[in-house]
Amino acid sequence: MVDMLLIRNVEVYGSIVDVRLKGGLISEIAPNLEGIADIDGQGGALLPGLHDHHIHLNATAAAMNSVRCGPPEVLTKTNLIEALNKPGEGWLRGVGYHHSVAGEIDRDWLDANGPDRSVRIQHRSGRLWILNSRAMDELGLSKPKNGRLYDSDNLIRRSGFPGLKPLIKRLHAYGITGVTEVTPSNEHAEFRHYLKHETDLNLSIMGKAELTSLTDPRRGHLKLHYHDHNLPALEALADEIKAAHESDRAIAAHCVTRAELMLTLAAIEEAGTLSGDRIEHAAIADEAAIEWMQRLDVIVVTQPNFITEREAAYAKDVPLSDHANLWRLKSFSDAGLALAAGSDAPFGDPNPWAAMAAAVNRPEGFGQDEAITPEDALELYTKPADDAGGEARKVIVGEPADLILLDRSWRDARVDLGGVTVKRSYF
């Protein structure tokens, strides 16, 4: 927590002022404040610290020490073979694989084309791991024969939780001062692991039903994580939601496909809504889905980065008629839906400025009328840690000293969000 600091010559809502921080709060904002400056902002914009409302901390930390195996870094079979066979010892952990690179690779493919070491590669969906024979043997696994394991993170985890310090340093460099951890398998052990870093980040931690009993204010939503292949019965899902609500716990439901979204909305309607209920992703939403979400008054937490990061795959795999329904923004906002954003790292780029740029400048043919203003894009990342549907935080007297200083004015930043550099973070 910032105890006392005087920042001179910063831009706050278009005016050049000085800002004094005291006792963890913004205590004064005015030109020419008395005192010796601790920092000269040189006219850079002073903004609320950014919050990533959808991230997987442990997986992202692990991915920082992994080999990239998919777009945009790896695009072809040849690229993949080169990436896998670079010098190294011990386990090789690959991430971000997509079938557009070399098809539906399996154990035999890795044995024939990969290195003579244990290899496990994660599909960019996060659900599928592909193992070679050495990895299968080392883990004592005989099935499945093809080495393609779905939803088996706990089965193949080889050690304790990864260290988060390098990741947090990277997040701070982006101006991210808080995160919402959304991994559905989070239990008490994970919760305690994240809290070791409570002084480094403003935290909200989702997870399993067993976390419901916690009274810690950082305990977040019940995370529901179902897929097209294993969707529960409507009644069962409604009962799960109702049980969370009866414990005064809101839910956050993974909804990437149309089927996942429609079932979830039906279940919420059956169970009844609770303030704070969230739809995660809403990756594909037509007008009927938007009207239904509006009626249920749910919060949408989406990922603007994916429309550019996965443009080539969407152009190939998604029917043209649905391109305008992908990762919508303005239609959600126009419908009055509460809206926030997160990266879904490691499955997306954790850089919020790249995501904001994507929200403002959408690719041609992918609902360009869904673009939003730079100011609205910034607001997606400045909602409170514990309320993604709340009002965006402001730089005003009395607010927490949770701030970032840019290398340029907001007038200059808004025309090139992807080029912004964060000079300092305060929280």
* To do: Determine which single condition Gly96 fails, assuming it passes every other condition in (1) assigned to a loop (DSSP other than H, G, I, E, B); (2) in contact with a Cys (Cβ under 6 Å, 6 or more places away or on another chain); (3) not aliphatic (A, V, I, L, M).
  => (1)
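Report whether or not His229 is at pLDDT below 95 and touching a Leu at 6+ places or on another chain (Cβ under 6 Å). Spell out how you get there, then give the answer.
Details: at pLDDT below 95: yes; touching a Leu at 6+ places or on another chain (Cβ under 6 Å): no.
No; evaluated as a whole, the condition is false for this residue.
With the structure loaded, tell me whether Leu131 is modelled with pLDDT of 95 or more, farther than 30 Å from Glu280 by Cα and touching a strand residue (DSSP E or B) at 6+ places or on another chain (Cβ under 6 Å) or whether it fails that test. Spell out the reasoning first.
Details: modelled with pLDDT of 95 or more: yes; farther than 30 Å from Glu280 by Cα: no; touching a strand residue (DSSP E or B) at 6+ places or on another chain (Cβ under 6 Å): yes.
Against the criterion (modelled with pLDDT of 95 or more, farther than 30 Å from Glu280 by Cα and touching a strand residue (DSSP E or B) at 6+ places or on another chain (Cβ under 6 Å)), Leu131 does not qualify.
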* Tell me, yes or no, whether segment 86-101 has at least one residue that is buried (at least 16 other Cβ atoms within 10 Å of the Cβ), among the small types (Gly, Ala, Ser) and more than 23 Å from Phe306 (Cα to Cα). => no
* Working only within segment 127-161, note down all residues that are touching a Lys or Arg at 6+ places or on another chain (Cβ under 8 Å) and of a type in the set (Gly, Ala, Ser). => Ser133, Ala135, Gly147
* Asked: Conditions: (1) among the small types (Gly, Ala, Ser); (2) under 19 Å from the mean Cα position of the chain (by Cα); (3) not assigned by TED's automatic domain parsing to the domain that holds Ser343. Gly114 meets all but one. Number of the miss?
  -> (2)
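So for segment 62-83 (the condition being assigned to a strand (DSSP E or B) and within 24 Å of Pro346 (Cα to Cα)), does at least one residue qualify?
First, pick out the residues of segment 62-83 that are assigned to a strand (DSSP E or B): 67-68.
Next, from what is left, pick out any that are within 24 Å of Pro346 (Cα to Cα): 67-68.
Checked segment 62-83: at least one residue is assigned to a strand (DSSP E or B) and within 24 Å of Pro346 (Cα to Cα).
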* Could you run through segment 294-352 and say how many residues are in a loop (DSSP other than H, G, I, E, B), of a type in the set (A, V, I, L, M) and under 23 Å from Ala266 (Cα atoms)? => 4
* Asked: Within segment 202-260, can you find the residues that are touching a strand residue (DSSP E or B) at 6+ places or on another chain (Cβ under 6 Å), farther than 21 Å from Phe191 by Cα and assigned to a helix (DSSP H, G or I)?
  -> Ile241, Arg258
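Taking the residues in segment 353-380 that are part of a helix (DSSP H, G or I) and in contact (Cβ under 8 Å) with a residue 60 or more places away in the chain as candidates, determine which candidate is nearest to Arg124 (Cα to Cα). Don't jump to the end; show me each part of the working.
Residues of segment 353-380 that are part of a helix (DSSP H, G or I), as a first pass: 353-360, 368-370, 374-379.
When the remaining residues are screened for being in contact (Cβ under 8 Å) with a residue 60 or more places away in the chain, the result is 353-354, 356-357, 377-378.
Numbers: Trp353: 21, Ala354: 19, Met356: 21, Ala357: 22, Ala377: 25, Leu378: 26 Å.
Restricting to residues being part of a helix (DSSP H, G or I) and in contact (Cβ under 8 Å) with a residue 60 or more places away in the chain, the top hit is Ala354.
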* Asked: Identify, please: which residue in segment 338-376 is farther than 20 Å from Asn325 by Cβ and of a type in the set (D, E, K, R) and is, among those, surrounded by the most Cβ atoms within 10 Å (Cβ to Cβ)?
  -> Asp349
* **So Asn361, is it of a type in the set (S, T, N, Q), closer than 25 Å to His221 by Cβ and modelled with pLDDT of 95 or more** => no
* **Residue, surrounded by the fewest Cβ atoms within 10 Å (Cβ to Cβ), within segment 200-217, restricted to residues that are without any contact (Cβ under 8 Å) to a residue 40 or more places away in the chain, more than 15 Å from the chain's Cα centre (by Cα) and farther than 18 Å from Ala243 by Cα** => Asp216
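Table: residues versus (1) exposed (fewer than 15 other Cβ atoms within 10 Å of the Cβ); (2) free of Cβ contacts under 8 Å to residues at least 60 places away in the same chain.
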{"position": "Leu110", "(1), (2)": "no, yes"}
{"position": "Pro115", "(1), (2)": "no, yes"}
{"position": "Arg124", "(1), (2)": "no, no"}
{"position": "Leu128", "(1), (2)": "no, yes"}
{"position": "Leu141", "(1), (2)": "no, yes"}
{"position": "Pro144", "(1), (2)": "yes, yes"}
{"position": "Tyr150", "(1), (2)": "yes, yes"}
{"position": "Leu155", "(1), (2)": "yes, yes"}
* Structure fact -> Residue set Val10, Val19, Val67; condition under 28 Å from Gly342 (Cβ atoms), in contact with a Leu (Cβ under 7 Å, 6 or more places away or on another chain) and surrounded by fewer than 23 Cβ atoms within 10 Å (Cβ to Cβ); output residue Val67
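Can you find, within segment 102-150, the residue that is nearest to Asn65 (Cα to Cα) among those that are part of a helix (DSSP H, G or I) and among the aliphatic types (A, V, I, L, M)?
Narrowing segment 102-150 to residues part of a helix (DSSP H, G or I): 102, 107-113, 133-139.
Applying the additional criterion that residues be among the aliphatic types (A, V, I, L, M) yields 102, 110, 112, 135-136, 139.
Details: Ala102: 23, Leu110: 20, Ala112: 24, Ala135: 18, Met136: 21, Leu139: 20 Å.
Once the filter is applied, the top-ranked residue is Ala135.
The values are calculated or read from the model by the stated rules, or taken from the named source; none is laboratory data. Keep in mind that this is a model prediction, so the values were computed, not measured. Cβ: placed from backbone, ideal geometry, glycine included. Neighbour counts: every protein chain shown.
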